[in-house]
Amino acid sequence: MIFGYLDAGSGSLILQAVLGGLAGIAVAFRAWKARMMGKKAIAKAETGAEPETVSDETAVNSES
Amino acid sequence: MISADPGSFRDPASRVVFEGDRVLRLLDERGLEAWEHLEPSPFFGHAVESGRLIATTKLDNAPNGAAGALQHPRIPFVSYPYEWTFSMLRDAALLQLDLLADALASGITIKDATPFNIQFVDGSPLFIDIGSFEKYRDGEPWIGYRQFTRQFLFPLMLRAWAELPFQPWLRGDMEGPTAGEMKQILSGGKRMKPSSLMHVSLQAKMEERMSGASVRGDLKAAGFSADLILANVRKLRSLVESLHWDHGVEGWSDYHTCDHVGRDRKTKGEFLRDALGRSRPKRVIDLGANDGYFSTIAADTGALAIAVDGYEPVLEELYGRSQGKNISIVVSELTNPSPAQGWAGRERPALMERANPDHVIAYGVIHHLIYTASIPPAAVLEWLRSFDAPVALEYVSPDDEMVGKLTANKLEQELHPGRSEAEFRVLLDRAFDIRKEHVLEGGTRVLFDLVPR
């Protein structure tokens with residue numbers, strides 16, 4: 001990962017994918033979906049329930 | 001002795017210092033790695049050769065324990081975006097986008113997007129922050145996108161779409177307007193433009209909803225690529241190019257058609273050439289430069305001319321004629337010049353501190369200070385004396401036609417003493433010696449070639 005001294009803004013980063021055209025919208029959707037699944041898994045872990053299978057995308061996210 | 005540039009501290013990988021007349025950039029290990037990736041790339045050589053990127057050489061020995069050190073030529077005069085005209089900011093924005101597109105083709109990205117990384121030299125924008133470039137890693141988005149919108153795009157939209165000057169905003173908030181603020185400013189029609197919906201409204205919404213979320217990994221995993229940045233940059237370029245400001249031709253833009261201006265211009269020019277010939281200055285500040293006629297005379301002598309005026313339309317026209325000329329343009333009111341500001345009040349030095357002239361032109365200006373801005377004549381002369389440099393001054397008497405217009409609604413007791421020629425000469429005599437003087441046709445204006453006492 002590039003070390004950033006600049007606060008890029010989370011929403012602005014996702015927006016960039018949308019601004020990249022149709023291919024970008026698909027990327028933004030996958031990124032958004034991964035976030036939602038990640039949040040769901042965390043919520044279940046915090047309530048003591050067994051977490052659902054974490055997607056590959058979320059697994060990669062945890063390394064970033 | 002090495003001294004740090006007070007405006008270069010945000011990026012720990014790269015910071016500018018001064019060693020005598022030399023401008024050095026000290027790099028840490030990460031900064032050095034980025035330079036070693038940039039320097040051999042086709043992008044770097046081409047950008048420097050085409051005059052878009054500052055010339056840079058690596059030093060064999062880095063001082064102060066730095067991992068590496070680079071040397072740059074000194075920028076003759078540093079100006080800030082809140083002192084630029086609309087077209088200057090637009091040209092700077094296009095340079096920022098073009099460099100990013102070209103750099104990406106060489107596997108390099110620009111990690112920020114601020115006009116403070118761009119300076120104007122000989123009338124053209126020049127990117128000066130070599131430390132902004134680093135290797136592009138697959139899947140990384142453009143970190144500088146939000147900054148680009150706040151510091152380039154939105155200020156340009158302010159002028160083009162809302163008829164508001166961007167300079168006061170950028171001077172008050174150097175980070176620029178947020179997407180949320182722009183949404184409030186733009187009228188319904190402008191807000192509904194497709195580009196506005198994306199860069200303003202949607203960005204405002206997404207920033208609000210996703211504040212603090214870590215998304216870079218998500219984007220990478222989802223297949224983000226440099227092609228998406230390039231597509232965005234191409235569209236942003238078209239948008240920036242489409243932004244125009246029709247400043248009209250009113251007020252001072254018609255200055256040269258005034259009777260006294262056309263009549264006296266040649267004489268004033270000759271008087272100035274004569275004065276500059278005696279002083280042989282290197283840096284001339286033209287106070288109330290208007291269309292830059294006298295700045296151009298100063299630049300033609302080989303000096304750097306710093307043309308300052310508070311009225312943007314005249315400087316916008318001068319910018320269009322300044323390419324290849326040693327003229328620096330500054331939009332700033334003389335009664336309220338850009339102050340020192342930013343971190344610790346030192347990050348962006350005051351205009352007059354940066355100007356540091358060795359000759360001053362004050363033609364057609366002091367009567368506006370005295371009669372319009374109500375500055376006492378003694379204070380005006382004290383200010384001119386503070387430059388500690390020769391001054392080419394045009395004195396305008398109370399009997400002048402223009403002064404009559406400026407004082408049409410003022411009572412005698414509302415005006416400061418020291419305005420008559422006799423009184424003014426007494427004040428002048430306290431601060432300056434007169435090398436030469438010339439009464440202009442009409443008899444109400446006198447040119448002085450002054451040297452400080």
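If we scan the stretch B:179-187, do we find a residue that is surrounded by fewer than 16 Cβ atoms within 10 Å (Cβ to Cβ), within 13 Å of another protein chain (Cβ to nearest Cβ) and touching a residue at least 12 places away in the same chain (Cβ under 8 Å)?
Yes, some residue in the stretch B:179-187 is surrounded by fewer than 16 Cβ atoms within 10 Å (Cβ to Cβ), within 13 Å of another protein chain (Cβ to nearest Cβ) and touching a residue at least 12 places away in the same chain (Cβ under 8 Å).
Determine whether residue B:198 is more than 32 Å from the chain's Cα centre (by Cα) and without any contact (Cβ under 8 Å) to a residue 24 or more places away in the chain.
So residue B:198 does not fit the description; no.
Looking for whichever is closer than 27 Å to residue B:196 by Cβ, more than 14 Å from chain A (Cβ to nearest Cβ) and either touching a Gly at 6+ places or on another chain (Cβ under 6 Å) or part of a helix (DSSP H, G or I) (or both) here; the options are B:104, B:89, B:100. Which one fits?
Sole residue among the options that is closer than 27 Å to residue B:196 by Cβ, more than 14 Å from chain A (Cβ to nearest Cβ) and either touching a Gly at 6+ places or on another chain (Cβ under 6 Å) or part of a helix (DSSP H, G or I) (or both): B:89.
Please determine whether any residue of the stretch A:1-21 is modelled with pLDDT under 80, over 30 Å from residue B:150 (Cβ atoms) and among the small types (Gly, Ala, Ser).
The answer is no; no qualifying residue exists.
Check off (1) out of contact with any helix residue (DSSP H, G or I) (no Cβ under 8 Å at 6 or more places or on another chain); (2) at the interface with chain A (Cβ under 8 Å from one of its Cβ atoms) for residue B:163 and give me the number that stays unchecked.
(2)
Take the conditions modelled with pLDDT of 95 or more, surrounded by 15 or more Cβ atoms within 10 Å (Cβ to Cβ), not β-branched (Val, Ile, Thr) and not assigned by TED's automatic domain parsing to the domain that holds residue B:129 and apply them to residue B:14. Does it pass?
no
Please go through (1) crowded, with 17+ Cβ neighbours inside 10 Å; (2) modelled with pLDDT of 95 or more for residue B:340 and return the number of the only condition it doesn't satisfy.
Every listed condition holds for residue B:340 apart from (1).
All but one of (1) assigned to a strand (DSSP E or B); (2) without any contact (Cβ under 8 Å) to a residue 40 or more places away in the chain; (3) under 30 Å from the mean Cα position of the chain (by Cα) hold for residue B:434; state the number of the condition that does not hold.
Just one mismatch for residue B:434, condition (3).
Give me the helices (runs of 4 or more DSSP H) completely within the stretch B:347-424, filtered to those with at least 1 residues that are out of contact with any His (no Cβ under 9 Å at 6 or more places or on another chain), within 21 Å of residue B:83 (Cβ to Cβ) and assigned by TED's automatic domain parsing to the domain that holds residue B:290, ordered by residue number.
Values: elements: B:351-355, B:377-385, B:401-406.
Ranges flagged: B:351-355, B:377-385.
Scan the stretch B:223-244 residue by residue and report those that are touching a Phe, Trp or Tyr at 6+ places or on another chain (Cβ under 9 Å) and more than 12 Å from every other protein chain (Cβ to nearest Cβ).
Hits for the stretch B:223-244 are B:240, B:243, B:244.
The values are calculated or read from the model by the stated rules, or taken from the named source; none is laboratory data. Owing to the predicted nature of the structure, the values given are computational and were not obtained by experimental measurement. When we count neighbours, we look across all protein chains shown, and the Cβ atoms used for this are built from the backbone with ideal geometry, even at glycine.
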